[in-house]
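One structure below.
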């Protein structure tokens with residue numbers, strides 16, 4: 001039996017729990033969309049460093065205040081000549097001072113202060129594929145030349161960053177799952193309230209020949225109708241918030257190298273969030289009403 005679309009519309013509109021359902025759907029989609037956007041940004045950030053840093057090391061050559069000591073440029077040349085002779089090294093070069101200052105600019109915004117600081121010289125090293133050369137080994141080899149240098153192996157902290165990203169993805173998945181359960185609870189509560197309030201109407205529909213499946217389908221329609229605008233609003237705000245954060249962090253990440261598959265996966269993952277919320281709301285309404293209608297005479 002086909003039921004008029006508006007038969008239960010006033011009951012849904014008059015229930016205060018409707019706003020709870022709308023709020024939870026919107027919040028769930030906002031949190032999930034923001035999480036997906038942030039995870040995509042962090043993944044781009046990690047991939048950027050993974051492609052450029054996994055085989056790289058940096059040598060920090062501190063400046064000397066003694067005017068009679070070896071000039072800084074000569075010290076850097078000595079370091080480079082020693083490193084270039086190592087069989088494990090594929091490429092070595094000095095980092096220009098301007099580039100070093102540019103790296104510190106996001107943390108030290110005052111140009112005059114940055115230019116006045118005695119910044120150390122940096123030497124960038126790229127190991128050969130499969131070469132075993134740790135920061136401790138390189139430090140020991142360079143101590144006879146300059147004994148107060150510092151060596152940073154980017155692969156070590158990059159591995160920690162990858163583990164952090166994976167942990168954040170797991171936490172994000174748990175948060176999304178909890179929010180989905182909250183939507184199921186809110187929609188189920190709304191349907192229970194409407195069924196209790198419209199007990200006589202449902203009984204009359206049964207007497208007129210309406211099946212439980214017809215009534216459940218009607219509740220599913222209203223749940224979808226209510227969830228859709230809330231899901232779209234939450235999706236828009238979530239993606240907008242993630243985009244704003246990406247704009248603020250544009251100086252420390254570069255996603256220009258990502259190919260179309262990365263963007264396609266990120267786009268599909270983002271768009272699936274509001275669609276999943278609508279489907280979850282419809283499914284929760286269908287299951288809840290289907291279980292409760294047999295109690296209505």
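Data table
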item	result
Convex hull volume of the stretch 128-207 per residue (C-alpha atoms, cubic angstrom)	124 Å³
Förster radius 25 Å - calculated FRET efficiency between residue 171 and residue 287, Cβ distance, rounded to 0.05	0.30
Computed FRET value (nearest 0.05) for residue 70 with residue 126, which takes r as the C-beta separation and R₀ as 25 Å	0.45
Value in Å of the Kirkwood radius, where the stretch 127-278 supplies the Cα pairs that are averaged	21.5 Å
Rounded FRET efficiency, nearest 0.05, which uses the C-beta distance separating residue 119 from residue 78 and R0 of 25 Å	0.85
Separation of the residue 196 and residue 279 label points, Cα + 7 Å toward Cβ, nm	3.2 nm
Potential lengthening between residue 104 and residue 90 on full extension [0.36 nm per residue; Cα-Cα distance subtracted]	2.4 nm
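Values quoted throughout were computed directly from the atomic coordinates according to the rules given, and no laboratory measurement underlies them. This is a predicted model, so every value here is computed, not measured. Cβ coordinates were reconstructed from backbone atoms using ideal geometry, including for glycine residues, and neighbour counts include every protein chain displayed.
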